[in-house]
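Notes follow once the structure below has been shown.
The values are calculated or read from the model by the stated rules, or taken from the named source; none is laboratory data. What you see is a predicted model, and the numbers here were worked out from it, not measured in a lab. Cβ atoms come from the backbone with ideal geometry, glycine included; neighbour counts cover every protein chain shown. These area figures cover heavy atoms from the full protein model, side chains too; ligands, DNA and RNA do not enter into them. Shrake-Rupley method; radii C 1.70, N 1.55, O 1.52, S 1.80 Å.
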Amino acid sequence: MSEIYFWSCILTLSFVTFFTRSFFLTVGAKLKLSPSVRNLIQYAPTGALIAIVIPELLFEKDALTKSYQFAMQPVQIYSSISTIVIFYFSKSMVLSLTTGMVVLTLLSKYWQ
Amino acid sequence: MLGPSIGIFTWSIVLNLAIIKTGFAVLNTIVMSLAVYAGSAQLASIPLMNGNFPIWIIFFTTMVINSRFIVYSAAIAPHFKDLSFFQRAILGYLNGDISFAVFTRKYPTATTDSKKEVYQYFLGTATMNWVVWQLGLVVALVFGIYIPNEWNFAFAGTLVLICLIAPNLKTPKEITIGIVSILVTMFTINLPYRLGILSTVLAAMCTAFLIEQVQRKNV
C-alpha cells in the first residue's frame, strides 16, 4: 500500500462518512426526504452487512485464483450461532463476543 | 449510558485489533480511527485497501454501508435546525450508530426540553462515545502484540457485525429480506470489485418494496 493510496483512501472514507452522517444537518438541511425512500433506505445496511459477513461463514478464498469457492466453515458458523443466541438472551455484546470467541478457539483447537 | 459505553469500548478494541491483525501499520490504524471514526465502514474497507482495490470501489462500498447515517441525520436534523452550520457539522461527525440510538431513546420525537438542553445531551453522550472509542484503540495497540495470531482474533470483527445484523432480523418481513440477501450474496460473490455488496443491498431494498406492495394489496 503506497502512501498516496493510503491517504486517498483515508480522505475518501472520511469524506463519505462525514457526508452521510451530516447530510440532513448540513448540505441537505433544506431538503425533505420522502417517507417511502426513507423507509426503503433502512434496509440497505442489513443487506450490506450480510454481504460482508457471509463470505467468512460459507466460502473459502482460493489462494491462486482469488475467487470464492463454496465451502461451509463449521467452526465459524457454530461460533456465530453461539454469539447470536447469547446476544438474543443477554442483549450484552461483551458477553456474546466472549462466548463466540471461546467457542471459535475451542472448536478450532480440539475439533478440527 | 454505561451499557453502550462498554459496548463501544469492546467493539473498538476488537475492531482495531482485527485491523492491526490484517497487517495494517500502527500509525495508519491511528490516523484511520481519528479521521474516519466509523467502525463498520473501516472494517469493510480494510480488505479492499489491503488488496489495493481502486478508490471508486472503496468510495462506493463505504457509501453503501454508511447509507444508514443519512437516515439518522434526517431523523435528528429537526432538533438542531437553529444551530450554526459549524455546530451542526460537529454533530454530524459524531452521529454514529450508538450515539444515534442513545439520543433517539431519550428524544424519540419533538420535545419540550429547551433546544440548548437537547444539544448538550447529544454533544455530551456523543463526545463520550468518541473518547471511549479512541481509548479502545489505545488498548488494542498496547495489548495487540501479546495476542497470538492463531487465536483468529480478526473473526471477532465478523461477530460484531453479526451482533449488528441480528436485531434487524426479527419480523417475518425482515427475515425474508435477510434470506434473500444471503442468497444474492452467494450468487454474486465472485463479481469483480465486490459488486456483490451493491447487488445484495439493491436486492434487500427491492424485497422490502415488494413485500410492502403485497401487504398493501392484502389489507
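Quick look at the numbers
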item: Per-region count, region B:11-49, residues among the polar types (S, T, N, Q), buried (at least 21 other Cβ atoms within 10 Å of the Cβ) and at the interface with chain A (Cβ under 9 Å from one of its Cβ atoms); result: 3
item: Region B:198-210, residues that are free of Cβ contacts under 8 Å to residues at least 60 places away in the same chain and surrounded by 18 or more Cβ atoms within 10 Å (Cβ to Cβ); result: B:S199, B:T200, B:A203, B:A204, B:M205, B:T207, B:A208
item: Among (1) facing chain A (nearest Cβ under 7 Å); (2) touching a Leu at 6+ places or on another chain (Cβ under 8 Å); (3) not hydroxyl-bearing (S, T, Y), the one test that B:F153 misses; result: (1)
item: Pairs, first without any contact (Cβ under 8 Å) to a residue 24 or more places away in the chain in region B:182-197, second among the small types (G, A, S) and assigned to a loop (DSSP other than H, G, I, E, B), C-beta under 9 Å, six or more apart; result: B:I189/A:S67; B:N190/A:S67
item: Yes/no for A:A44 being farther than 29 Å from B:M49 by Cβ, at the interface with chain B (Cβ under 7 Å from one of its Cβ atoms) and of a type in the set (G, A, S); result: no
item: Residues that are under 25 Å from the mean Cα position of the chain (by Cα), surrounded by 21 or more Cβ atoms within 10 Å (Cβ to Cβ) and among the aliphatic types (A, V, I, L, M), drawn from region A:10-45; result: A:L13, A:V16, A:A44
item: Candidates A:L104, A:L13, A:L95 - the one that is outside any loop (DSSP other than H, G, I, E, B), more than 9 Å from chain B (Cβ to nearest Cβ) and of a type outside the set (D, E); result: A:L95
item: Number of the condition not met by A:E3 [criteria: (1) more than 7 Å from chain B (Cβ to nearest Cβ); (2) open to solvent by 30 Å² or more (accessible area, probe 1.4 Å); (3) closer than 30 Å to B:I211 by Cβ]; result: (3)
item: Close pairs (8 angstrom Cβ cut-off, 6 or more residues apart or separate chains): β-branched (V, I, T) in region B:13-42, crowded, with 18+ Cβ neighbours inside 10 Å and assigned to a loop (DSSP other than H, G, I, E, B) anywhere; result: B:V14/B:F153; B:T22/B:A154
item: Failed criterion for B:K115 (all others in (1) open to solvent by less than 10 Å² (accessible area, probe 1.4 Å); (2) of a type outside the set (S, T, N, Q); (3) more than 14 Å from chain A (Cβ to nearest Cβ) hold); result: (1)
item: Residue within region A:94-107 that is under 21 Å from B:Q42 (Cα atoms) and not aliphatic (A, V, I, L, M) present; result: no
item: Residue under evaluation B:N52, criteria (1) open to solvent by 40 Å² or more (accessible area, probe 1.4 Å); (2) part of a helix (DSSP H, G or I); (3) not small (G, A, S), criterion not met; result: (2)
item: Qualifying residue in region B:77-84 (condition: in contact with a Lys or Arg (Cβ under 6 Å, 6 or more places away or on another chain) and closer than 10 Å to A:T20 by Cα); result: no
